[in-house]
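Structure record follows, encoded as structure tokens.
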Amino acid sequence: MKRIILASTLSISASAAVAGNLDEPVVEPVPTPPAPVVTAAPDTDWTGFYGGLQYGQGEADLSLGGASASEDFDAFGVHGGYNHDFGRYVLGGELMYNDISGDNGGDGDLTSLRARAGMDLGRFMPYVTAGVSHLSLASGGADISENGFTYGVGAEYLVSERFSVGLEYTKSDFSDAGGVAGADLDTDKVQLRASYRF
């Protein structure tokens with residue numbers, strides 16, 4: 001009987017020893033790929049001088065009392081100005097000259113000096129503009145030289161650090177055109193622009 005108890009005890013002890021010596025499986029950690037490096041986009045700065053060319057088309061409307069007449073025209077010329085970027089907003093001024101040629105033979109010059117206020121959206125800048133215009137027009141044997149108010153909206157896109165393209169709509173209002181009281185001359189024009197930044 002003692003032999004049986006002793007043998008049983010030895011057997012249990014041996015089993016416990018063997019069980020205690022079993023190595024637990026080693027779990028290799030799964031390698032984690034490094035997080036991608038995010039490079040912040042460089043800030044766009046619209047500050048600086050610029051100059052360029054523009055071309056577009058428009059319409060001139062002359063009204064006096066109940067009578068009115070209109071003429072389509074082509075306009076092309078040059079522009080130059082300066083912008084200052086305040087971070088979110090851009091303020092500047094611009095001088096623009098257009099040579100205008102009417103479909104019915106009227107020719108003239110349209111010069112404007114305007115302020116511009118835009119929003120810096122990176123490479124894209126929508127803006128509003130307002131200022132004064134001077135019109136010198138020869139049409140139908142009459143010469144017109146008038147000063148008026150001009151205003152409009154536009155948008156500009158930076159193709160590269162130095163070069164931008166844009167689209168602009170402007171309206172100019174001239175009262176008492178040709179020295180005739182009550183004669184109002186209004187021009188509307190849409191132009192494509194290309195500018196080089198210095």
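Considering only residues of the range 172-192 that are part of a strand (DSSP E or B) and surrounded by fewer than 20 Cβ atoms within 10 Å (Cβ to Cβ), which is modelled with the lowest pLDDT?
Among those residues, the one meeting the criterion is ASP184.
Take VAL90 and tell me if it is free of Cβ contacts under 8 Å to residues at least 24 places away in the same chain, part of a strand (DSSP E or B) and among the hydrophobic types (A, V, I, L, M, F, W, C).
On the way: free of Cβ contacts under 8 Å to residues at least 24 places away in the same chain: no; part of a strand (DSSP E or B): yes; among the hydrophobic types (A, V, I, L, M, F, W, C): yes.
It is false that VAL90 is free of Cβ contacts under 8 Å to residues at least 24 places away in the same chain, part of a strand (DSSP E or B) and among the hydrophobic types (A, V, I, L, M, F, W, C).
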Identify, please: which residue in the range 116-129 is assigned to a strand (DSSP E or B) and open to solvent by less than 60 Å² (accessible area, probe 1.4 Å) and is, among those, farthest from GLY152 (Cα to Cα)?
MET125
Does GLY106 meet the test of being surrounded by 14 or more Cβ atoms within 10 Å (Cβ to Cβ), touching a residue at least 12 places away in the same chain (Cβ under 8 Å) and of a type in the set (Gly, Ala, Ser)?
yes
Counting only residues that are open to solvent by 80 Å² or more (accessible area, probe 1.4 Å), at pLDDT 95 or above and over 25 Å from LEU185 (Cα atoms), the range 42-69 contains a total of 2
Hits in the range 119-129 (condition: in contact with a Gly (Cβ under 8 Å, 6 or more places away or on another chain) and not polar (S, T, N, Q))
ASP120, MET125, PRO126, TYR127, VAL128
Exception for SER160 within (1) over 17 Å from GLY48 (Cβ atoms); (2) open to solvent by less than 50 Å² (accessible area, probe 1.4 Å); (3) outside any strand (DSSP E or B) falls at (1)
Determine whether GLY154 is touching a residue at least 12 places away in the same chain (Cβ under 8 Å), over 24 Å from ASN104 (Cα atoms) and more than 15 Å from the chain's Cα centre (by Cα).
no
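The values are calculated or read from the model by the stated rules, or taken from the named source; none is laboratory data. In this text the structure is predicted, and so the values were computed from the model without any measurement. In this analysis, Cβ positions are derived from the backbone assuming ideal geometry, glycine residues included, and neighbour counts consider all displayed protein chains. Surface areas here come from the heavy atoms of the whole protein model, side chains and all, with no ligands, DNA or RNA. Shrake-Rupley method; radii C 1.70, N 1.55, O 1.52, S 1.80 Å.
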